[in-house]
Amino acid sequence: MQSKQLTALIIDVLGAAKALDIINLDVRGMTDVTDYMIVASGTSTRHVRALADHVAERASMSGHKPIGIEGEEGGEWVLLDLQDVLVHVMLPRVREFYNLEKLWSLGPSVDLVATDR
């Protein structure tokens, strides 16, 4: 599965699990670390952890076991490293504070996938 297909799978999983404000950032021209960053919000720490768990499970089932998962203990910001795709799932206040979309959108393209459901 290529990074674009993996990105589509992750976005579908997040959408089905009621993630909010899903954003797909194409960072291929900005870093060699990853191809895409997906940023999404959860409604509570429990929801953030559940979203990250769903993504990790589905990615593993498709042959992309996460290299690392950080932040599950606190649940305010969970980062999943799927090598070609980094997934950030955050509480809205944490997301607003760090504003990753603005930081990484200075490059090629930002694709707004979904809004509040």
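Only the coordinates and a few stated rules stand behind these numbers; no lab work does. All figures in this text were calculated on a predicted structure; none of them were measured in a lab. No Cβ is skipped: glycine too gets one built from the backbone with ideal geometry, and neighbour counts run over all protein chains shown.
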In nm, to one decimal, how far is the modelled label at Met30 from the one at Glu73, with both set 7 Å along Cα→Cβ? 2.9
For the pair Asp12 and Thr43, how long in nm is the line joining their label points, each one 7 Å along Cα→Cβ? 2.4
Cut-off 14 Å between beta-carbons: net charge of the residues surrounding Val33, Lys and Arg +1, Asp and Glu -1: -4
Can you tally the net charge around Val13? Count Lys and Arg as +1, Asp and Glu as -1, for every other residue whose Cβ sits under 9 Å from the Cβ of Val13. -1
Taking N as its residue count, the alpha carbon Rg of region 3-112 over 2.2 N^0.38 Å: 0.95
What shape does region 1-56 have by the C-alpha gyration tensor, where a ≥ b ≥ c are the square roots of the eigenvalues, rounded means a/c under 1.5, and otherwise prolate means a/b greater than b/c and oblate the rest? prolate
Calculated [θ] (222 nm, deg cm²/dmol) that DSSP helices of n ≥ 4 give over the chain, each run adding -39,500 (n - 2.57): -11000 deg cm²/dmol
Of all DSSP beta bridges in region 3-112, what percent run antiparallel (nearest 5)? 75
